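**Student:** Would you mind keeping the following structure in view while I ask a few things?
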Amino acid sequence: MMPLVPPPVSACDYPPLPLLSDSLRSSFLSSLPGYFVSTHVLPAAYPRAPSSKWVPPPLHQTKAAHSARAEADFQRLVALKEAQEQETLSIPPREEVLFSTVKCYRPTCQRSSGRPVTLLLLHGIGLHKESWEPFLSDLSRSLERGSSVSIDEIWSLEMVQHGDAGLINEHNQGEIFDAADYGRDTANFLLNYLPDEFGQEQCGVNLPRVSDKEAARRREYGFRNRTLVCVGHSLGASCVVFPALEMPKLFSSLVLVESVSIPEYMPEGFGHRRAEALCIKRQCEWSSWEEAESSIRSSRYYRRWSQQAVDEYIEHALSPTTHGTVRLKMHPYQEAATLMERRIQFETWELMASIPPSVRLHWIMSADSARTGGRKVAAEMVWRRSVNASNVLLEGIDHMVPQEAPDVLANLVVDFLQHEYGRPLLTARSVAGASIDAQQSAKL
């Protein structure tokens, strides 16, 4: 990773959150009884990876103008990305200060005497910090059913192009994306901004930077008062490999859900940039909330998602404009730019074998996922580092596990936490999956 340099900004100068970022907080609290919920802002990793500055296109375009602009943008993006991959771009690191947004969920009281853990959630491409809320609803119910796991706080970090962060940063984004910056944003939050003590209501919306001495101590020894378990999905799972390699003391365990780390022999999994080409042309603006909702609910892409996940996406992925229309918080160009990142997938496949064995690895992979290579690639991936590792292989669920089956994922995460951090129970709960053992992996 590039070094993390203190950004030239103070806590009093952070941008405000978008007005509707917590518009339906009370309705979500009713499905998570006993939790405080708050949203926070912090500077993202600084500086950013090299890139030219992106200029957002106007929102109000005719369909023909939008299509022509999207096609031209796509061709330019492909050329820029290939130059970046071949290391022929002569562009310095970007010095614009971007901001991360993070949501915190904290129980009002501890529910057991087990070893308390802090969960860090990292989402995948095209989602946002609230995309974990269907999973959290099921996690809360699963914890109530006889678990001895104690959770002190849950933090959900948002990528800088996504959700509320995407709105805040839209006019400072780069033309291309380097996924290592997602790993740097994760490290930056954990080293420099995660409060040392529990009770985020005491630190306000703008998270202050901890002292350099405290950040150095965390890097060398870990947290004073936290046992950190990171749950990452898709790109969020692969990008956490970087901070886990360079600062393993921060992490107790990594739960890697459908990590997009893949071997170089699987280039066919990319689909010849078809997903990126479709993404950059997707509709970004609608005349009303009703039209936007109807468009999303009728899309084939969301048909496998749970009803709660679709509801949550409509609630948190959209934003009103000053012209009375409704838009996606994340511009399709930026989503296509993140999809176009490929080095990260090969690099993390190679690097994950070097994650120190002190960091527990638990894989949750889909046997049916074309995005990550399915059963064959999963059987290799989960044993890239065989020491202190375990895995679950899911049948009948595709890549978007937190959206398609949040209840299944919640049960699997609670089972893992119970095994690692809970008190022994008299009976074990069954899980919806099978594991890949080393002998089976060798056969595959």
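**Student:** Stretch SER38-GLU96 to full length: gain in nm at 0.36 nm per residue minus the Cα-Cα span?
**Tutor:** 18.2 nm
**Student:** Which is farthest toward the positive dipole end of the chain among HIS162, THR108, SER131, measuring Cα position about the Cα centre, with Cβ charges +1 (Lys, Arg) and -1 (Asp, Glu)?
**Tutor:** Sorting the options by dipole projection puts first THR108.
**Student:** Could you check how many percent of all C-alpha pairs in segment 201-328 are farther apart than 27 Å?
**Tutor:** Here the long-distance tail beyond 27 Å is 48 percent of all Cα pairs in segment 201-328.
**Student:** Mind jotting down a quarter of the surface of the convex hull over the alpha carbons of segment 74-177, in square nanometres, one decimal?
**Tutor:** Averaging across all directions leaves 9.3 nm² for the Cα convex hull.
**Student:** Once phi is turned into θ = phi - 60°, what whole-Hz ³J(HN,Hα) does the Karplus curve with 6.51, -1.76 and 1.60 give for every residue of segment 42-47, x standing for Gly and Pro?
**Tutor:** 8, x, 6, 3, 9, x
**Student:** Another one. Mind listing the long-range amide H neighbours of SER366? Cut-off is under 5 Å, sequence gap 5 or more, other chains count too, H placed in the peptide plane at 1.01 Å from N.
**Tutor:** Those lying under 5 Å, H to H, from SER366 are GLU258, LEU394.
**Student:** Related question: Pulled fully out, how much extra length does the chain show between GLU214 and GLU264, if you take 0.36 nm times their separation in residues and subtract their Cα-Cα distance?
**Tutor:** Result for the pair: 14.1 nm of gain on full extension.
**Student:** Still on this structure, please answer the following. Relative contact order, percent, of the chain when contacts are C-alpha pairs under 8 Å separated by at least 6 residues?
**Tutor:** Dividing the mean separation by the residue count of the chain yields 19 percent.
**Student:** Looking at this model, which pairs from LYS281/LYS376; LYS129/LYS329; LYS81/LYS376; LYS63/LYS329 are more than 21 angstrom apart at the alpha-carbon?
**Tutor:** Among LYS281/LYS376; LYS129/LYS329; LYS81/LYS376; LYS63/LYS329, the Cα-Cα distance tops 21 Å for LYS281/LYS376; LYS81/LYS376.
**Student:** Also: Over the Cα atoms of segment 109-259, what is the Rg over Rh ratio if Rh follows Kirkwood?
**Tutor:** That ratio equals 0.96.
**Student:** Just tell me which lysines come within less than 19 Å, Cα to Cα, of LYS249; anything on the same chain fewer than 8 places away is out.
**Tutor:** LYS213
**Student:** Compute the distance in nm between two label points, each set 7 Å from the Cα along the Cα-to-Cβ direction, one at ARG141 and one at PHE346.
**Tutor:** Output for this residue pair reads 4.4 nm.
**Student:** Within segment 298-343, which trypsin sites (Lys or Arg not before Pro) sit in a loop by DSSP and count at most 11 neighbouring Cβ atoms inside 10 Å?
**Tutor:** Filter output for segment 298-343: ARG303.
**Student:** Could you tell me what percent of the DSSP beta bridges with both partners in the chain are antiparallel, to the nearest 5?
**Tutor:** So the antiparallel bridges amount to about 40 percent of the total.
**Student:** Rounded to whole Å and ordered largest first, report the semi-axes of the equivalent ellipsoid of the chain derived from its Cα gyration tensor (root of 5λ).
**Tutor:** 31, 25, 24
**Student:** Taking H as built 1.01 Å from N, whose amide H comes closer than 5 Å to the amide H of VAL117, not counting residues under 5 places away?
**Tutor:** SER150, ILE151, ASP152
Read the figures in this text as sums done on the coordinates, not as results from a lab. These numbers were taken from a predicted model, which means no experiment stands behind them. Heads up, the Cβs are rebuilt from the backbone with ideal geometry, glycines too, and the neighbour counts pull from every protein chain shown.
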